[in-house]
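What follows is a short report on a single structure.
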Amino acid sequence: MTSTTTHEGSRSAPSGHPQRWLVLGVICLAQLTVLLDNTVLNVAIPSLTRELGASTAAVQWMINAYSLVQSGLLLTAGSAADRYGRRKMLTAGLALFGAGSLAAGLAQSSGQLIAARAGMGIGGALLVTTTLAVVVQIFDEAERVKAIGIWSTVNSLGFAVGPLLGGLILDHFWWGAIFLVNIPVAAIGLVFVLRLVPESRNPQGDRPDLLGALLSTSGMTGVVYAIISGPGHGWTSAHVLVSAALGAALLAAFAGWELRAPFPMLDMHFFRDQRFVGAVAGAVLVAFGMGGSLFLLTQHLQFVLGYGPLEAGLRTVPLALTVVALNLTGLGARLLPRLGTPATIATGMTLLAAGLAAIALLGGGYAGMLLGLVVMGAGISLAMPAMANAIMSAIPREKAGVGAGVNGTLAEFGNGLGVAVLGAVLGSRFTAAAAVSAASLPAALAAARPGAQRDRITAAFAAGLETSQLAGALAVLLGGLLAAVLLKRAMRGQS
């Protein structure tokens, strides 16, 4: 207990933890594994529809179960780590993530895989919150900015490299292997965490807000379930309307509870600050555009352009390379003081929207898609650091951990919502244009007669993808403009 208090109370020695860079490497590896699982499943969609007989809605739930559970628990996980020990929660997260990966790799049905992905989401929530907390603890102020910059670059890399890793694995193994590779990483992480990471906690920290976690996770699940079910059941059906209403009611109850809870998971008073609201809106929509577009891109590359899983994954790499290259050169950090936060966010979001639109309008061949991916990467590298800075500067310094948790929660929710909304737009357009009742493109092609009917189905799927990408581009553009206006108004009010 003494060592815990000393570590927590000191402002860290001038050199920080003696093995801090090795610890950072282990932390980043664990973080990368968690983030890869947001997108690694995308390239396995054809395999899952074929081998598990999964419908489009089931595939969306396989993806969303992970991000929804993770987003619902991020704030509670961070609070638990502060109170009970960051190393303890990091260890628990690695163990749960490894166990969930094993269950996912051995799943024999869509339902089993969805449940395993939800379990992985619990472990992922613990890892995402505690990794950054540990970085802050082991680095002194002189090196902390550099360390967090590396951690942030890994965040961006994780979302984009998933399709490549998934394609590489699927080119040699069956779909379950994309989960089983997580197990040795989790085991290595456990060994190094137990040997190297110092324990730290705040004994006076807030108690976990379990009711808040339950209400937020259940509410988001209900809303997204309604979106996913809309194309199949009809948007005005009782099935969809009841789910949407229940989800909205649970989210309203969550907001009400947080206003009067003694230890709220989310301080609702943050939303009185227009800087915070603007930055949060931008963060959600960057994740919305990035997560939803990658979900659609991998299907476009495989179903429309005819690439295999590895080829499809390789062709998404330019997005990751652009983000990493621009983050490492510090372009966004240098432009931020020159342009100002509102203009930097607006520029980044506009580039992201332009990239999505380029893919929609020029993506009939890979050249147009490549242009869109590079432009998207440039937009992400500009917008994300500026929004993170805006969120953290809009709240009191003593609430910095909560601010980071809010950012992570809404980014995860944006990713899941992007998959759900853009997938629903695709499903609705495809079903209407192809005049088929099949739950997925492979099922429709399997039932179609060779020739004109198959060509019509493929063309309908391509048209649905185009509409979905344009919808994502419009949402991102409007979100960027909204964020910029709110931030500029808030800054003008302070001057």
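The values are calculated or read from the model by the stated rules, or taken from the named source; none is laboratory data. Computed from a predicted structure; not experimentally measured. FYI the Cβ positions are ideal-geometry reconstructions off the backbone, even for glycines, and counts take in every protein chain you see. When the accessible area is computed, the model is the full protein with side chains, heavy atoms only, and any ligands, DNA or RNA have been set aside. Shrake-Rupley method; radii C 1.70, N 1.55, O 1.52, S 1.80 Å.
The set of residues in region 338-350 being of a type in the set (A, V, I, L, M, F, W, C) and buried (at least 23 other Cβ atoms within 10 Å of the Cβ) consists of I345, A346, M349. Per this entry, A255 is not counted among residues that are open to solvent by 50 Å² or more (accessible area, probe 1.4 Å), in contact (Cβ under 8 Å) with a residue 12 or more places away in the chain and farther than 17 Å from L478 by Cα.
Spot the failing condition for M89; the list is (1) out of contact with any Asp or Glu (no Cβ under 7 Å at 6 or more places or on another chain); (2) modelled with pLDDT of 80 or more; (3) closer than 30 Å to G308 by Cβ, and only one is missed. M89 satisfies all of (1) out of contact with any Asp or Glu (no Cβ under 7 Å at 6 or more places or on another chain); (2) modelled with pLDDT of 80 or more; (3) closer than 30 Å to G308 by Cβ except (3). Identify the residue in region 109-127 that is under 15 Å from I45 (Cα atoms) and among the polar types (S, T, N, Q) and, among all such residues, is most open to solvent (accessible area, probe 1.4 Å). Filtering first and then ranking leaves S109. None of T329, T347 is modelled with pLDDT of 85 or more and farther than 21 Å from L296 by Cβ except T347. Restricting to region 230-287, what's the tally of residues that are within 22 Å of L214 (Cα to Cα) and either of a type in the set (V, I, T) or in contact with a Lys or Arg (Cβ under 9 Å, 6 or more places away or on another chain) (or both)? Final tally of qualifying residues: 8. Residue pairs whose Cβ atoms lie under 8 Å apart, sitting 6 or more positions apart in sequence or on different chains, and linking a residue in region 50-69 that is closer than 12 Å to S110 by Cα to a partner that is charged (D, E, K, R) and open to solvent by less than 10 Å² (accessible area, probe 1.4 Å), are M62/R117; I63/R117; A65/R117. When the residues of region 204-241 are filtered to those that are open to solvent by 60 Å² or more (accessible area, probe 1.4 Å) and not in a helix (DSSP H, G or I), the one that is modelled with the lowest pLDDT is Q204. From the list L486, L478, the one residue that fits, being closer than 30 Å to T76 by Cβ and either at pLDDT 75 or above or of a type in the set (S, T, Y) (or both), is L486.
Results for (1) at pLDDT below 75; (2) open to solvent by less than 10 Å² (accessible area, probe 1.4 Å); (3) closer than 30 Å to V224 by Cα, shown as yes or no for each residue.
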| position | (1), (2), (3) |
| --- | --- |
| T6 | yes, no, no |
| T39 | yes, yes, yes |
| P46 | no, no, yes |
| S55 | no, no, yes |
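Among residues of region 441-457 that are at pLDDT below 70, those with a Cβ under 9 angstrom from a residue that is among the β-branched types (V, I, T) and not in a helix (DSSP H, G or I), sequence gap 6+ or separate chain, pair up as A443/V436; A447/V436; A448/V436. Scanning region 365-381 for residues that are open to solvent by 20 Å² or more (accessible area, probe 1.4 Å) and either part of a helix (DSSP H, G or I) or free of Cβ contacts under 8 Å to residues at least 60 places away in the same chain (or both) returns Y366, A367, L370, L371, V374, V375, A378. Selection within region 284-319: residues that are open to solvent by 10 Å² or more (accessible area, probe 1.4 Å) and small (G, A, S). The member of this set that is farthest from T56 (Cα to Cα) is A287. Residues considered: S71, S101, S79. Of these, the only one that is open to solvent by less than 40 Å² (accessible area, probe 1.4 Å), out of contact with any helix residue (DSSP H, G or I) (no Cβ under 6 Å at 6 or more places or on another chain) and hydroxyl-bearing (S, T, Y) is S79.
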